[in-house]
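Here's the structure, in structure tokens; my notes come after.
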Amino acid sequence: MAASTGVGNAAVPDSKDPASDSPTIQYSMVLDHLIGEKRPVKDLNPAVMGGLPVPAKSEEQKMIERGMESCAFKSALACVGGFVLGGAFGVFTAGIDTNVGFDPKDPLRTPTAREVLKDMGQRGMSYAKNFAIVGAMFSCTECIIESHRGVSDWKNAVYSGCVTGGAIGFRAGLKAGVLGCGGFAAFSAAIEYYLR
């Protein structure tokens, strides 16, 4: 290297040094290539990422998938689930109720097992029907609202809760419908907040 040294002179690098020929790297340029617009788009194919390749879906699989995502299937599933849950809840509440099988004409008589089971079955069936109706209404309205809005967020459940509660409460009058709308919407919002 031909560098001149002297008392007042600083060392000057030779122009033939390969490090001096490369352009300077700026932090903003690096960021632009890492997270900016010049970032290369990577193929997220599972085979490239080390996962198992997913075969293309057949027409039957696509048809079943469309059927399971339809509003009718979701409503039917919620109806059956509500029926089972409501029946279990009704039988449970009848089991802990002290008035099951109670005869007001003869308060000292102990009810028979048959009478108790009959009352438990009636209460279970009543709860099952109510839960099934509420579940089907809520699921159907939520699916329709989600399809119409094109967004899957917490607002769909709140709107659906309002529609369902209002429809159920409206049978008892306008005030009950408004209270039902508000109550179901608040409950749906709380559940969505908790689940998300």
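What to note about this one:
- Accessible area in square angstrom per residue, the range 153-195, 1.4 angstrom probe: 63 Å²
- Cα centroid separation, the range 127-143 to the range 79-112 (Å): 22 Å
- Pairwise label distance in nanometres, Lys175 with Thr24, each label 7 Å out on the Cα-Cβ vector: 7.8 nm
- Whether the range 59-183 is rounded, prolate or oblate, judged on the alpha carbon gyration tensor where a/c under 1.5 counts as rounded: oblate
- The relative contact order of the range 51-136 comes to 44 percent, based on Cα pairs under 8 Å that sit 6 or more residues apart.
- For Tyr159, the solvent-accessible surface with a 1.4 Å probe is about 110 Å², rounded to the nearest 10.
The values are calculated or read from the model by the stated rules, or taken from the named source; none is laboratory data. From a predicted model like this one, the values you see are computed outputs, not experimental measurements. Counting neighbours? That spans all protein chains shown, and the Cβs are built from the backbone with ideal geometry, glycine included. The protein model used for the area step is the full one, side chains on, heavy atoms only, and it has no ligands, DNA or RNA in it. Shrake-Rupley method; radii C 1.70, N 1.55, O 1.52, S 1.80 Å.
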